[in-house]
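**Q** A single structure is presented below for examination.
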Amino acid sequence: PYTTLFRSEGIKNLHVTLGNYGDSFVKNKMSLDLSKGVKCSNFIGETIESAIEYGFESVLIVGHIGKMIKLGAGIMNTHSAQADGRIETLITCGLIADVNISLLKKLPECVTVDAGLDIISGDKNYSRTLEILMEKIDRHLQKKVKNTIKIGAVVFSEKHNMMLKTVHADEIISEMRKNK
């Protein structure tokens, strides 16, 4: 319903949050208008499909790393009853980045992604791990839209004071600010 309303108002670039944390981040850190976006909860894949169907030119997905990391494994419904894979995805990215294996072996004990980041954050390849994660997220999002619209993502963690972006995120943000 909101997507139809937004398109009828001429909004071409849609920002999507996963919940209250995302809304707060969009409002306080990105200065985007919350009234011009939607909250999709766990239904990222369905929201992307709706955005394509309603003719949006771009979609920016903003969410906490605890949910968004699932996109790095291609999981488009982030509800825990559907799939998890959070820690496994972090381990995979850490392995590819060559994080110390003894640190990675501690990650299966972690309940949250932030706890996993606490463990590997001191490793010299920590930043590369996050870059690999963002590359994986971007690859799965691009695969989902199949060149029909521009898509980007912003991943954040307040605890780790981070904001990560996929390739097209800044371009989409710029368009949104220009078309207020």
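The values are calculated or read from the model by the stated rules, or taken from the named source; none is laboratory data. Quick caveat, the model's predicted, so the values are computed rather than measured. Glycine also receives a Cβ, built like all others from the backbone with ideal geometry; neighbour counts cover every protein chain displayed. Protein only, heavy atoms only, side chains kept; ligands, DNA and RNA dropped before computing areas. Shrake-Rupley method; radii C 1.70, N 1.55, O 1.52, S 1.80 Å.
**Q** Can you check what the net charge comes to around Asn147, using other residues whose Cβ is under 15 Å from the Cβ of Asn147 (Lys, Arg +1; Asp, Glu -1)?
**A** Taking every Cβ under 15 Å from that of Asn147, the sum is +2.
**Q** Helix-only estimate, please: 222 nm mean residue ellipticity of the chain, summing -39500 (n - 2.57) across DSSP H runs of length 4 or more and dividing by its residues, to the nearest 500.
**A** That comes out to -13500 deg cm²/dmol.
**Q** Just want to confirm a number: the relative contact order over the range 83-131, from Cα pairs under 8 angstrom separated by 6+ residues, in percent.
**A** Relative CO of the range 83-131 lands at 46 percent.
**Q** Could you tell me the accessible area of Thr148 in Å² (1.4 Å probe, neighbours in place), rounded to the nearest ten?
**A** My reading of the accessible area for Thr148 is about 80 Å².
**Q** Relative contact order for the range 1-108: what is it in percent, counting Cα pairs under 8 Å that are at least 6 residues apart?
**A** Across the range 1-108, relative contact order equals 26 percent.
**Q** Continuing with this model, one more query. Tabulate in residue order the Karplus-calculated ³J(HN,Hα) for the range 137-152, using 6.51 cos²θ - 1.76 cosθ + 1.60 with θ = phi - 60°, rounded to whole Hz; enter x for Gly and Pro.
**A** 4, 4, 4, 5, 5, 4, 5, 5, 8, 6, 6, 7, 9, 7, 9, x
**Q** Which order do you get for Ser31, Ser8 if you rank them by accessible area with a 1.4 Å probe, largest at the top?
**A** So, going from the largest accessible area down, we get Ser8, Ser31.
**Q** May I ask you to derive the relative contact order of the chain, considering only C-alpha pairs under 8 Å and at least 6 residues apart, and to give it as an integer percent?
**A** Relative contact order, the chain: 23 percent.
**Q** So which of Lys106/Lys136; Lys106/Lys159; Lys36/Lys106; Lys27/Lys106; Lys39/Lys124; Lys36/Lys136 end up more than 31 Å apart, counting from Cα to Cα?
**A** The answer is Lys36/Lys106; Lys27/Lys106; Lys39/Lys124.
**Q** Probe of 1.4 angstrom, ligands and nucleic acids ignored: what's the accessible area per residue over the range 70-180, in square angstrom?
**A** On a per-residue basis, 53 Å².
**Q** Please give the peptides 79-85, 122-128, 37-43 ranked by average Cβ packing (other Cβ atoms within 10 Å per residue), highest first, as a rough proxy for protection.
**A** By packing density, highest mean first, the sequence is 37-43, 122-128, 79-85.
**Q** So in the range 1-160, what percent of DSSP beta bridges are antiparallel if you round to the nearest 5?
**A** Counting only bridges with both partners in the range 1-160, antiparallel ones make up about 5 percent.
**Q** Here's another thing I want to ask about it. For the range 61-180, take N as its residue count and report Rg(C-alpha) divided by 2.2 N^0.38 Å.
**A** 1.07
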